[in-house]
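The values are calculated or read from the model by the stated rules, or taken from the named source; none is laboratory data. What you see is a predicted model; the values in this text were computed from it and never measured. For neighbour counting, all protein chains shown are included, and Cβ atoms are generated from backbone atoms with ideal geometry for every residue, glycine included. Surface accessibility is based on the protein's heavy atoms, side chains included, excluding ligands, DNA and RNA. Shrake-Rupley method; radii C 1.70, N 1.55, O 1.52, S 1.80 Å.
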Amino acid sequence: MSSVTLKSVTKSYGQTEVIRGVDIEIEKGEFCVFVGPSGCGKSTLLRMIAGLEDITSGDVAIGGRRVNELDPAQRGTAMVFQSYALYPHMTVERNMGFGLLMNGEPKAKVKAKVDEAARILQIEQLLDRKPRQLSGGQRQRVAIGRAIVRDPAVFLFDEPLSNLDAELRVATRLELAKLHSQLDGATMIYVTHDQVEAMTLADKIVVLRGGYVEQVGAPLDLYNNPANLFVAGFIGSPRMNLIAVKDGKLPDGTALPAAAAGAGHIGLRPDALAPDAGGILSGVITVVERLGDADFVYFRTPWGQELTTRFAPGTAGGAGDAIRLGVTGKMHVFDSNGQAIPA
Amino acid sequence: MADVMTHKDPFFTPRRRRQLVSVLLAALSAIWVYPLVWMIFASFKPNSELFSNPGMIPDAPTVENYVRAWREANISTYFFNTLFVTVGSVVITSIASALMGYVLGRRPVPGRFAIMGLMVFTLFIPQGYTIIPVFELLTKLGLGQSLWGLMLATCGHSIVVFTLLFAGYFTQMPKELEEACRMDGVGPVKTFVYVMLPLAKPIIVTVVVMQSLQAWNDFLLPLVITLANPAMRTLSVGIYSFKGENFVDWGGMTAASTIAIVPIILLFLFLQRYFIDGLAGAVKG
Ligand SMILES: Nc1ncnc2c1ncn2[C@@H]1O[C@H](COP(=O)(O)OP(=O)(O)O)[C@@H](O)[C@H]1O
Ligand SMILES: [Mg+2]
């Protein structure tokens, strides 16, 4: 395991700047997730760490060693591709051992390593199959196995779950979390656009947008103290309610608490609202989603914005009912540039 | 046809229609292969019977045509000449077109489209125009009077098509395969040999079959190159020489022709499954 450090890293394709100066510090053994909307440069950044893309400027260091000019194979990283990129004509066993064999490792040693990885991933019975004889989840494991066999200092995952169906995705997510502890806390960098994956897997989340780092922190840090409007809206499901305010008043003129003075936006998580006859928010219910353990209520405010709140199961009314809500949890306050104002 | 499909005609059940089509196709194939089959049967007739018995089955079957052709008419030499030229040109074209196709299909070659365009352009030049320069070139290289020269020149027939086939196939392979190799520290040569080439098997088979057919059956090029040197003749040229000034040995000619086509039919039967996969694969990927 190794630490990974990125210093003022940029990447341009011709005139287009895709990564615009990124500083990230990833500790030894950390599970770090890059998350952000599609096209924000997550894959590019990961591929720069892997050595598959040139670094336009800045430094990438792995285990304290600058690796800008090193070949991918010399960086001590292993990558699991979104498409798995298994060699279609090779058996699972050969797929996993191929790199080592080609580099002249003795056959017996490679076999031992492949068997060990197969045991960890519980794919021992699949070793003789070709990739096309495997299900999506099994291919995924083989791809991970191919990475494990290399015994890398850093694992790199590029949206490894996005080709799996919803149920398998949740199961594999858990497996990955287990794997991280099973591999004695190997350093892992994981790219996803799914903030739920990020929240559940990460020790540290890096939120990216448009080639910039928006915020770095532990999952609950980001959830409780988003640094700006983008992170506030991106992290958490259902989304945080973000309301544009002016002169400390809601759009319908209701006065807000003093903390919101000078704010451009306030943010209220759905579970920070509760029915309150004297509350500041009012609206008409449009949809109720009953999930069994909670009711999610979507309601329309007098100024036409759709907001979300969460009720205890079975306590929400129906569509068309008027409701009035008060703030029971934290109110996030953002200035006119979208930056959080600490409470 | 549309009528037959829409209203229920009890005569044209799908099964009946299939049978009808099969019968028609069988009849067509029979017409197609009849001359070939006739020739093979004729090769077992003595010269005296060839014209007196226009039917297929020989009255007095004999292998003397074969003996005469193989021994006296030098067909044995021609056979091994052809084999040499064919095998050599297949080996060279397969390797060369796979390598060129890989580079053109997958590497950032400057001027790649110009190169490919020029290559395609050469497809439109008839062989009649190129045969003299090719002969000149071989003579300058000192290969004008050798089977090696003939073999090299034979490679040129379709190598452009083969290169484009490979390039097209390699273009559509996911780039992650090579990236996985790079991550594994597998160099470009090993990546090509162990990953890319095995995946291009359908194209390799296509190239082997097509080049074999072409080299084996080629007539004009070997005719020109072996004009001054009968010992270098290939089968197709050698068979033509059964047509003497005053007398045509039709029996020997049919026997020699049979010797000439059997290997190619065997090769095709052996590889046809892969061959058809390859042609289909080149289109659908
Ligand atoms: N080879 C390339 N040439 C030009 N632009 C590219 C190239 N690869 C990626 N990009 C651009 O870089 C941006 C980031 O891409 P990527 O890292 O794949 O995003 P993500 O993985 O976050 O969805 C995108 O806008 C994409 O269009
Ligand atoms: Mg991506």
**Request:** Please go through the residue pairs A:LYS42/B:LYS175; A:LYS7/A:LYS42; B:LYS140/B:LYS201; A:LYS28/B:LYS175; A:LYS113/B:LYS175 and name each one whose alpha carbons sit more than 25 Å apart in this structure.
**Result:** B:LYS140/B:LYS201; A:LYS28/B:LYS175; A:LYS113/B:LYS175
**Request:** Could you check which residue among A:ILE120, A:ILE19, A:ILE266 shows the biggest mean-square fluctuation in a GNM of chain A with a 10 Å Cα cutoff?
**Result:** A:ILE120
**Request:** Treating cross-link reach as a plain straight distance, find the lysines whose alpha-carbon is under 25 Å from the alpha-carbon of A:LYS330, omitting any fewer than eight places away in the same chain.
**Result:** A:LYS204, A:LYS246, A:LYS249
**Asked** Could you give the dipole magnitude of chain B about its Cα centre, charging the beta-carbon of Lys and Arg +1 and that of Asp and Glu -1, in debye to the nearest 20?
**Response** 760 debye
**Request:** Among A:ILE62, A:SER43, A:PRO152, pick out the residue whose Cα is farthest towards the positive end of the charge dipole of chain A, where Lys and Arg carry +1 and Asp and Glu carry -1 on C-beta, about the Cα centre.
**Result:** A:PRO152
**Message:** Can you find, among B:LEU150, B:MET116, A:ILE323, the residue sitting farthest towards the positive end of the charge dipole of the protein assembly as shown, where Lys and Arg contribute +1 and Asp and Glu -1 at Cβ?
**Reply:** B:LEU150
**Fill in**
per DSSP, antiparallel bridges as share of beta bridges in the protein assembly as shown, % nearest 5, sits at 75 percent
**Asked** Taking the DSSP beta bridges in region A:4-233 as the whole, what percent of them are antiparallel, to the nearest 5?
**Response** 55 percent
**Prompt:** Over all Cα pairs of region A:238-334, how is the pair count split among 5 Å bins, expressed in % and running from 0 up to the last occupied bin?
**Reply:** 3, 14, 25, 28, 17, 8, 4, 1
**Item:** Choice from B:PRO263, B:PRO61, B:PRO35 showing the highest fluctuation, given a GNM over chain B with Cα pairs closer than 10 Å
**Value:** B:PRO35
**Complete:** So for R0 = 41 Å, FRET eff. of B:ALA231-B:LEU50 from the Cβ-Cβ r, to 0.05, ends up at 0.90
**Message:** With unit charges on the beta carbons (Lys and Arg positive, Asp and Glu negative) and the dipole taken about the Cα centre of chain A, which residue among A:GLY14, A:GLY233, A:GLN122 sits farthest to the positive side?
**Reply:** A:GLN122
**Message:** Under a Cβ-only charge scheme (Lys and Arg +1, Asp and Glu -1), can you give me the dipole magnitude of the protein assembly as shown about the Cα centre, in debye to the nearest 20?
**Reply:** 900 debye
**Asked** To the nearest 10 degrees, how steep is helix A:166-182 against the longest Cα principal axis of chain A, on a 0 to 90 scale?
**Response** 60 degrees
**Asked** What is the gain in length, in nm to one decimal, between A:GLU105 and A:ASP128 on full extension, counting 0.36 nm per residue of separation less the C-alpha to C-alpha distance?
**Response** 6.2 nm
**Item:** Cα-only Debye scattering, the protein assembly as shown: base-10 log of I(q)/I(0) at q = 0.06, 0.08, 0.11 Å⁻¹
**Value:** -0.58, -0.83, -1.12
**Asked** Which whole-number value in Å² is the accessible area per residue of region A:4-233, probe 1.4 Å?
**Response** 41 Å²
**Message:** Kirkwood Rh over alpha-carbon pairs of region B:65-284, then Stokes-Einstein at 4 °C and 1.567 mPa s: what D in µm² s⁻¹, rounded to an integer?
**Reply:** 67 µm²/s
**Request:** Please sort B:150-156, A:175-181, B:69-75, B:99-105 by packing, taking for each peptide the average over its residues of neighbouring beta carbons within 10 angstrom, highest first.
**Result:** B:150-156, B:99-105, B:69-75, A:175-181
**Asked** Per-residue mean of other chain beta-carbon atoms within 10 angstrom of the beta-carbon, peptide A:88-95?
**Response** 2
**Request:** Treat each spin label as a single point 7 Å out from the Cα along the C-beta direction, and report the B:LEU83 to A:GLU27 distance in nm.
**Result:** 7.4 nm
**Fill in**
From highest to lowest solvent-accessible area (probe 1.4 Å; ligands, DNA and RNA excluded), A:LYS7, A:LYS204, B:LYS140 read B:LYS140, A:LYS7, A:LYS204
**Asked** Under a point-charge model restricted to the Cβ atoms of Lys and Arg (+1) and Asp and Glu (-1), what is the dipole moment magnitude of region B:175-223 relative to its Cα centre, in debye to the nearest 20?
**Response** 60 debye
**Complete:** For A:LYS111, the lysines lying under 19 Å Cα to Cα, once residues fewer than eight places off in the same chain are dropped, come out as A:LYS130
**Asked** Given a Förster radius of 45 Å and the C-beta distance between B:GLU72 and B:ALA96 as r, what FRET efficiency does 1/(1 + (r/R0)^6) yield to the nearest 0.05?
**Response** 0.70
**Fill in**
Taking a crude spin-label model, label points 7 Å out from Cα along the C-beta direction, the A:ASN224 to A:ALA171 distance in nm is 3.5 nm
**Message:** Which of rounded, prolate or oblate describes chain A when judged by the alpha-carbon gyration tensor and an a/c cut-off of 1.5?
**Reply:** prolate
**Message:** Between B:ALA180, B:ALA27, B:ALA260, where does the largest GNM mean-square fluctuation fall for chain B, given springs only between Cα atoms within less than 10 Å?
**Reply:** B:ALA27
**Message:** Just to confirm my numbers, what's the Cα centroid distance between region A:166-195 and region A:197-219 in Å?
**Reply:** 15 Å
**Prompt:** Using a 1.4 Å probe on the protein chains only, how many percent of the accessible area of the protein assembly as shown belongs to carbon and sulfur?
**Reply:** 61 percent
**Asked** Hey, with R₀ at 60 Å, roughly what FRET efficiency would A:ALA261 and A:ASP71 work out to, going by the Cβ-Cβ distance, to 0.05?
**Response** 0.60
**Proximal lysines to A:LYS107, defined as alpha-carbon separation beneath 19 angstrom and excluding residues fewer than eight positions away on the same chain** = B:LYS190
